[in-house]
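A short worksheet on the structure shown next.
The values are calculated or read from the model by the stated rules, or taken from the named source; none is laboratory data. No experiment lies behind these values; they were computed from the predicted model shown. Note that we place each Cβ from the backbone using ideal geometry, even for glycine, and neighbour counts take in every protein chain shown.
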Amino acid sequence: MSDQAMAGMAGATDALPLIEAHGLRKHFPILRGLFRRQTGTVKAVDGVDFVIHPGETLGLVGESGCGKTTVAKMVLRLEVPSEGAVTFRGGDIAKLRGDDLRRYRRGVQAVLQDPYTALNPRLTVGRTVSEPLTETQKGIAKSEVNERVAEALTSVGLLPRIAKDYPHELSGGQRQRVEVARAIITRPECIVLDEPVSAADVSIRAEIINLLQDVQATLGVSYLLISHDLAVVQRMCHRIAVMYLGKFVEVGPAREVATGALHPYTQVLLSNALPSHPDDAGEEIILTGEVPSPRNVPPGCPFHPRCPIAAPICREVVPVLSAEGVGHEVACHLVERGGRNAAAAGGAPRAGAASEAGR
């Protein structure tokens with residue numbers, strides 16, 4: 001994590017929570033036949049709790065299909081939780097209506113994954129950037145809208161005259177900056193970042209990351225960052241929550257998780273991340289098998305069919321998050337008090353051996 005991020009975190013932890021999730025679940029029914037009878041349930045998110053403080057960045061990491069984007073949609077109120085609640089400054093966002101809901105839309109914005117599909121090709125940049133403002137703040141004067149558009153574009157390093165252009169006239173980096181400008185025009189308190197640099201060329205990823213950190217330092221905005229890129233998460237986040245099959249398996253300070261991961265799944269993700277320097281490459285832990293379906297979650301620990309150190313208890317008892325340090329929690333039966341597990345102590349077996357250990 002950067003020194004800038006650490007400095008922001010120092011003030012963030014002292015403030016009251018901005019966004020909280022309590023027992024958050026989202027289950028999708030599987031309907032079949034003419035009468036649409038329910039034949040099963042997809043447990044996309046299955047009981048997670050988290051807090052985002054003002055000025056803080058929380059990173060959600062995990063393989064595709066683990067539930068990260070569903071969590072983001074519930075925070076944005078694009079999905080309604082099956083159980084639990086998301087609160088914004090103490091109020092349940094599912095109960096917001098009218099002006100209160102518009103205020104929430106202004107306060108929580110999003111930057112989507114692909115800038116080539118996130119921008120309407122029929123709208124000018126100015127219209128695209130201004131839309132969140134005009135839709136959530138009725139009656140705002142056109143002159144003020146134009147001023148705010150110019151201010152937002154300037155803040156992300158674009159010239160105000162670009163407001164007259166269309167998306168096809170922009171480069172990929174410019175499109176991503178337009179997305180950020182659209183997100184900050186309402187002066188939000190939190191922005192959901194869904195893989196904000198995954199579609200960007202390597203040459204401009206650092207620019208976008210630096211831009212997002214500058215925006216956070218200037219506006220004091222909080223981020224919920226969803227990413228597969230562990231390097232991005234380590235650099236930008238104050239805390240990391242690792243998801244697997246709809247549950248958190250490890251949550252803790254970014255630096256502590258990155259350098260002292262306790263859960264075998266977290267260790268696998270880190271071992272497969274690209275190192276910052278080729279000479280830093282370590283031993284890669286290779287998992288066998290596919291991620292189980294959220295429709296048929298394995299009994300016990302959901303990771304046990306792929307875990308390189310699974311024990312008999314892992315196949316029978318569901319582990320719960322327990323504190324293994326200040327702000328550091330892990331859901332693993334094999335973590336010893338003192339903050340290590342068999343993989344950390346003796347080295348995780350690889351490939352075929354890992355598969356056999358889990359059976």
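Observations, loosely collected:
- Any chance Val233 is at pLDDT 85 or above, among the β-branched types (Val, Ile, Thr) and under 20 Å from the mean Cα position of the chain (by Cα): yes
- Candidates are the residues of segment 162-183 that are modelled with pLDDT of 95 or more and of a type in the set (Lys, Arg); the one that is nearest to Thr124 (Cα to Cα) is Lys164.
- Residues of segment 76-108 that are in contact (Cβ under 8 Å) with a residue 40 or more places away in the chain and assigned to a helix (DSSP H, G or I): Arg105, Arg106, Gly107.
- Any hit, segment 259-274, residues being at pLDDT below 70 and surrounded by 12 or more Cβ atoms within 10 Å (Cβ to Cβ): yes
- Residue, surrounded by the fewest Cβ atoms within 10 Å (Cβ to Cβ), within segment 150-160, restricted to residues that are more than 27 Å from the chain's Cα centre (by Cα) and closer than 16 Å to Glu131 by Cβ: Glu151
- Scan segment 120-135 for residues that are over 25 Å from Thr57 (Cα atoms) and crowded, with 19+ Cβ neighbours inside 10 Å and the total you get is 4.
- Only residues that are among the charged types (D, E, K, R) and either at pLDDT 90 or above or out of contact with any strand residue (DSSP E or B) (no Cβ under 9 Å at 6 or more places or on another chain) (or both) were counted across segment 208-230, and they come to 1.
- Which numbered condition Ile93 fails, given (1) modelled with pLDDT of 95 or more; (2) surrounded by fewer than 16 Cβ atoms within 10 Å (Cβ to Cβ); (3) under 26 Å from Cys237 (Cα atoms): (2)
- Looking only at segment 221-277, and only at residues there that are aromatic (Phe, Trp, Tyr) and part of a strand (DSSP E or B), the one that is nearest to Leu76 (Cα to Cα): Tyr223
- Qualifying residue in segment 184-207 (condition: assigned to a helix (DSSP H, G or I), among the β-branched types (Val, Ile, Thr), out of contact with any strand residue (DSSP E or B) (no Cβ under 6 Å at 6 or more places or on another chain) and modelled with pLDDT of 95 or more): yes
Yes/no per residue for (1) in the same structural domain as Pro294 (by TED's automatic domain parsing); (2) in a loop (DSSP other than H, G, I, E, B); (3) buried (at least 22 other Cβ atoms within 10 Å of the Cβ):
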{"position": "Gly40", "(1), (2), (3)": "no, no, no"}
{"position": "Phe50", "(1), (2), (3)": "no, no, no"}
{"position": "Pro54", "(1), (2), (3)": "no, yes, no"}
{"position": "Glu63", "(1), (2), (3)": "no, yes, no"}
{"position": "Val71", "(1), (2), (3)": "no, no, yes"}
{"position": "Met74", "(1), (2), (3)": "no, no, yes"}
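- Exactly one residue out of Pro17, Pro29 is more than 25 Å from Glu250 (Cβ to Cβ), over 16 Å from the mean Cα position of the chain (by Cα) and in contact (Cβ under 8 Å) with a residue 12 or more places away in the chain, and it is Pro29.
- Flag if Pro167 is surrounded by 19 or more Cβ atoms within 10 Å (Cβ to Cβ), in the same structural domain as Leu76 (by TED's automatic domain parsing) and closer than 25 Å to Val233 by Cβ: no
- Flag for Val111 being buried (at least 18 other Cβ atoms within 10 Å of the Cβ), touching a residue at least 12 places away in the same chain (Cβ under 8 Å), over 23 Å from Gly23 (Cβ atoms) and among the β-branched types (Val, Ile, Thr): yes
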